[in-house]
Amino acid sequence: MPHFTETKMQPGVLGVIGAGQMGHGIAHVMLRAGHRVLLFDISQGLVEAGAARIAKGMARDVEKARMTAEERDQALVRLKPTTVIAEASEADFIIEAVTEKYEAKADAFRSIEPHCRPETIFASNTSSISITRLAAATNRPNRFVGLHFFNPVPVMKLVEVVPGLQTSSDTVDQAIALAASAGKTPVRVNDFPGFVSNRVLMPMINEAVFCLMEGVADAQAVDNVMKLGMNHPMGPLELADLIGLDVCLDILKVLYESLRDPKYRPCPLLEKMSAAGWLGRKTGRGFYEYPQK
């Protein structure tokens, strides 16, 4: 197994579970860093769609001179979209990026673990769920860590590195080195619900939705106040649309149920819009409308 270190990194084989928004982005940056990537999902259509989005993203990389056409072609050769979980036996590192629900993530690890080598490190891209709890669903809690990437993955620099209670120091070091190898800035945080990013961000988004629901201001005004007054690059409602209202709701539920603090209670309007399928950019409508291509 290649050993990832901050000073010297050998290309390894990574398995990414989930070819959606986060999964294909993680695969993209790992391919760009020289790693081989096995991109897993439950159907051939999903893995092919993820691979197509990676190819499209790398075409933009070439246009913007972030990589050459030859580097792009070599990177795409290192990508293997697959539905055959037995191929996980090749992986040095497994990164899970499925929906933000405990059972879905735990099931993904339970399904793939019998096919993995004992030394393979498992990582979850969860944005709020306890790493210790997820690690307990596996037989390798000492080789389990949180790697929380941010959307869009090829652009955003931060990765929260989250050790669980039983995570070994070597696993943390290798996770930090892997994130750094992809050009990210790893920041170690402790295993509390929402970590740092969403424990701070989600209450702000939730309060912005309450402002809208209660008629304090319309969506554009709420966002403009935060952009122009607080120097935020995006307003909280715009950001919620980018993240996905269903994802925001799931994270708030984890925070509310885990911390038992009413300040994390999801706004009823957020719940109503999620129930209606108005999830933001990915569905064409959230707090704003988005023309669908």
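Lysines near residue 253 by alpha-carbon distance under 22 Å, same-chain residues fewer than 8 away left out - which ones?
101, 105, 263, 272, 282
Which aspartates and glutamates, if any, have their Cα less than 17 Å from the Cα of residue 227, not counting same-chain residues under 8 positions apart?
Partners found: 207, 218, 238, 241.
Using the reciprocal of the averaged 1/r over all distinct C-alpha pairs, how large is the Kirkwood radius of region 104-168 in Å? Mind showing how you got there, number by number?
Working: mean 1/r = 0.0820 Å⁻¹.
Radius from the Kirkwood sum: 12.2 Å.
Pairs of alpha-carbon atoms within less than 8 angstrom and 6+ residues apart define the contacts here; what relative contact order does the chain have, in percent? Present the calculation step by step, with values, prior to reporting the outcome.
On the way: 539 pairs, mean separation 41.8, N = 293.
RCO, the chain: 14 percent.
Looking at region 164-250, what % of the alpha carbon pairs are farther apart than 18 Å? Intermediate results must be reported in sequence, preceding the final value.
On the way: 2141 of 3741 pairs.
Beyond 18 Å sits 57 percent of the P(r) for region 164-250.
For region 203-293, what is the convex hull (Cα atoms) projected area averaged across all directions, in square nanometres?
Values: hull surface 23.9 nm².
Directional mean of the projected Cα hull area for region 203-293 stands at 6.0 nm².
State the dimensionless ratio Rg/Rh of region 115-228 (Rg: radius of gyration of Cα atoms; Rh: Kirkwood radius).
That ratio equals 1.11.
Provide the packing ranking of 229-238, 172-181, i.e. peptides ordered by the mean count of other C-beta atoms within 10 Å per residue, highest first.
172-181, 229-238
If you take the alpha carbon radius of gyration of region 200-239 and divide it by 2.2 N^0.38 Å, what ratio comes out, to two decimals? Intermediate values should be presented prior to the final figure.
Details: Rg = 9.1 Å, N = 40, 2.2 N^0.38 = 8.9 Å.
Taking the Cα Rg and dividing by 2.2 N^0.38 Å, one obtains 1.02.
Which whole-Hz couplings ³J(HN,Hα) result when phi for each residue of region 61-72 is put into the Karplus expression 6.51 cos²θ - 1.76 cosθ + 1.60, θ = phi - 60°, listed in order with x for Gly and Pro?
Once θ is set to phi - 60°, the couplings for region 61-72 become 4, 5, 4, 8, 6, 7, 7, 8, 4, 5, 5, 4 Hz.
Run a plain Debye calculation on the chain (Cα atoms as equal point scatterers, no solvent) and give log10 I(q)/I(0) at q = 0.08, 0.09, 0.11 Å⁻¹, rounded to two decimals, same order as the q list.
Result of the Debye calculation: -0.35, -0.44, -0.66.
Just to confirm, what accessible area per residue do you get for the chain at 1.4 Å probe, in whole Å²?
Details: 13520 Å² over 293 residues.
Ligands and nucleic acids excluded, the figure is 46 Å² per residue.
Using the Cα atoms of region 1-96, I'd like the radius of gyration and the largest Cα-Cα distance, Dmax, both in angstrom.
Here Rg and the maximum Cα pair distance are 12.9, 39 Å.
Considering only protein heavy atoms and a 1.4 Å probe, what is the carbon-and-sulfur percentage of the accessible area of region 1-122? Each step should come with its number before you reach the end.
Values: 2990 of 5550 Å².
C and S atoms contribute 54 percent here.
The values are calculated or read from the model by the stated rules, or taken from the named source; none is laboratory data. Because the structure is a prediction, the values reported are computed rather than measured. With ideal geometry, Cβ positions are generated from the backbone for all residues, glycine too; neighbour counts draw on all protein chains shown. Keep in mind that these areas ignore ligands, DNA and RNA; they rest on the heavy atoms of the full protein, side chains included. Shrake-Rupley method; radii C 1.70, N 1.55, O 1.52, S 1.80 Å.
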